[in-house]
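Quick notes on the structure that follows.
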Amino acid sequence: MTATTALGTARAVDRPTAEPVVRIRDLTKRFGGAVALRGVSLDIRPGEIHALMGMNGAGKSTLVQLLSGAYQADGGTIEIEGSERPGLTPRRARRLGVCTVPQRRELVMALSVAENILLGDLPASRSLVSWKSVERQARQALRHLNIDIDVQRTAGELTVAEQTMVEVAREVRRGGKVLILDEPTACLGAAAADRIRGLVRTLRDEGVAVVYISHYIDEVLSVADHLTVLRDGSVVHSGPAAATDAAGLVRHMVGREVVSRRPERPAPSPEVALTVRGLSHGRDIREFGVQVRKGEIVGVLGPAGDAQSRLFDLLSGRRRPDAGELEVGGAAVPFGRIPRSLASGLRCVTGDRRALGLIPGLSLDENLMLATDRLSGRRLRRRSDTTRRAAPRRESYGVVALTRDPAVGSLSGGNQQKVLLAKWLETSPVACFLEDPTTASTWRRWPTSTR
């Protein structure tokens with residue numbers, strides 16, 4: 001049986017039915033009075049790509065945290081290689097071969113590829129590291145997965161796709177038998193995403209059990225062998241990927257039939273909100289220009305990479321260009337002056353929410369209201385007042401939280417993205433520059449106030 005997608009044809013491959021390397025039965029997790037997982041059961045088999053799908057807040061992140069030992073279950077069991085494993089911790093899970101490559105890269109950017117792959121396991125004699133042995137073992141780890149990357153390059157020089165490959169090679173070298181990949185192709189161009197999908201198939205062919213989390217439905221149908229869909233903390237579908245089509249997968253995720261149609265768009269105003277002329281910086285950005293009217297959405301297309309990030313840095317004021325002019329609402333705004341840029345009504349929402357967009361140590365509601373309070377000159381108020389004012393934003397943007405006001409860093413990636421957007425889009429902007437605004441999000445609707 002086959003399932004045809006935009007990325008190609010997913011074929012049901014005849015494989016011997018292997019015993020599950022991980023067997024999850026009736027797993028339950030509560031946070032206070034909220035139930036995050038309700039009796040979840042599934043099997044993860046070696047040599048299989050098992051896609052985990054669901055809307056934001058469906059329970060995917062909680063299930064991964066339980067499997068990797070970050071959380072403890074309130075009920076149910078996790079068996080790894082035939083033995084029940086109560087009280088999993090991250091160290092114990094890793095020792096048992098359960099490894100996670102999260103959305104945010106966990107490499108030391110100043111170290112070489114070789115040092116990152118062998119981090120914590122550097123070969124040494126009499127307290128002296130054998131750097132030749134480090135590089136030789138790193139090359140072997142990459143070659144084993146058909147990855148061609150110079151091990152002497154620093155991690156910070158690599159593309160996002162190459163960084164993902166290095167992390168995967170590190171986990172496989174450490175003995176990873178179950179590899180959890182969380183949004184591995186998010187923000188990648190087509191060629192880079194193809195490289196990652198090729199690597200995932202290589203892992204499968206090597207006998208690794210791959211848990212693949214992605215919001216790209218066509219991609220999942222093209223690469224996965226098995227699909228499990230979570231909705232509201234419960235498994236609502238589990239079966240061969242080749243027996244599922246895109247419409248059926250969406251129906252399982254949402255819980256109803258979804259008719260895709262282009263929304264009616266009001267005509268933009270003739271009044272210009274944002275003008276960029278002759279923006280140049282180094283070799284990557286030359287004479288970039290754009291004009292955006294009020295009520296208009298203009299897309300800037302291109303694969304993720306240095307040029308895209310640099311464009312955001314220039315418009316947001318984090319870097320100064322070699323040349324260029326910026327006008328917001330008809331008034332000139334100097335590049336590199338962040339207070340002037342904010343005062344003009346320009347809002348730049350970063351694609352790197354963890355490093356630049358949110359403050360993980362503050363709560364969900366504090367992050368939602370932070371920009372509004374700072375721009376209006378208010379200091380942080382009582383928590384009860386912040387929660388009251390943040391409630392309409394939670395509702396409008398569909399932010400799902402299992403406790404009253406958790407730390408924003410504990411939310412799923414999609415819900416963090418919603419918080420980031422609400423934080424800035426509810427500050428009465430004149431013009432916005434949004435960098436990958438729907439990363440890791442499954443939007444049921446875009447807030448009506450945005451345009």
message: Can you find a residue that is crowded, with 18+ Cβ neighbours inside 10 Å, assigned to a loop (DSSP other than H, G, I, E, B) and of a type in the set (Gly, Ala, Ser) anywhere in segment 288-306?
response: yes
field: Single unsatisfied condition, ALA192 versus (1) buried (at least 17 other Cβ atoms within 10 Å of the Cβ); (2) more than 18 Å from GLN163 (Cβ to Cβ)
entry: (2)
message: Under 8 Å between Cβ atoms, which residue pairs at least 6 apart in sequence (or on different chains) link something in segment 390-416 that is more than 18 Å from ALA70 (Cβ to Cβ) and aromatic (Phe, Trp, Tyr) with a partner that is modelled with pLDDT under 90 and not in a helix (DSSP H, G or I)?
response: TYR397/PRO447
query: Of everything in segment 227-241 that's of a type outside the set (A, V, I, L, M) and crowded, with 21+ Cβ neighbours inside 10 Å, which residue is nearest to HIS252 (Cα to Cα)?
result: THR228
statement: For segment 9-27, pairs from a residue that is in the same structural domain as VAL210 (by TED's automatic domain parsing) to a residue that is of a type in the set (Ser, Thr, Tyr) and modelled with pLDDT of 50 or more, with Cβ under 7 Å and 6 or more apart or across chains, are ALA10/SER222; ILE24/SER41; ARG25/SER41; ARG25/THR77; ASP26/SER41
statement: The correct count of residues that are more than 17 Å from the chain's Cα centre (by Cα) and crowded, with 21+ Cβ neighbours inside 10 Å in segment 176-189 is 2
- request: May I ask you to list the residues in segment 122-135 that are closer than 14 Å to ARG170 by Cα and outside any loop (DSSP other than H, G, I, E, B)?
  value: VAL134, GLU135
statement: Residue pairs within 7 Å by beta carbon, gap of at least six or interchain, first lying in segment 273-288 and under 10 Å from ASP322 (Cα atoms) and in the same structural domain as SER341 (by TED's automatic domain parsing), second among the β-branched types (Val, Ile, Thr) and crowded, with 17+ Cβ neighbours inside 10 Å, listed first then second, are LEU279/ILE285
field: Only listed residue being at pLDDT 90 or above and surrounded by fewer than 20 Cβ atoms within 10 Å (Cβ to Cβ), chosen from THR28, THR2, THR100
entry: THR28
query: Scanning for something over 26 Å from THR439 (Cβ atoms), in contact with a helix residue (DSSP H, G or I) (Cβ under 9 Å, 6 or more places away or on another chain), exposed (fewer than 13 other Cβ atoms within 10 Å of the Cβ) and without any contact (Cβ under 8 Å) to a residue 24 or more places away in the chain, does segment 310-321 turn up at least one residue?
result: no
statement: Filtering segment 73-94 for residues that are in a helix (DSSP H, G or I) and either touching a residue at least 24 places away in the same chain (Cβ under 8 Å) or crowded, with 16+ Cβ neighbours inside 10 Å (or both) leaves a count of 2
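The values are calculated or read from the model by the stated rules, or taken from the named source; none is laboratory data. Source: prediction; values computed, not measured. Neighbour counts run over all protein chains shown; Cβ positions are idealised from the backbone, glycine included.
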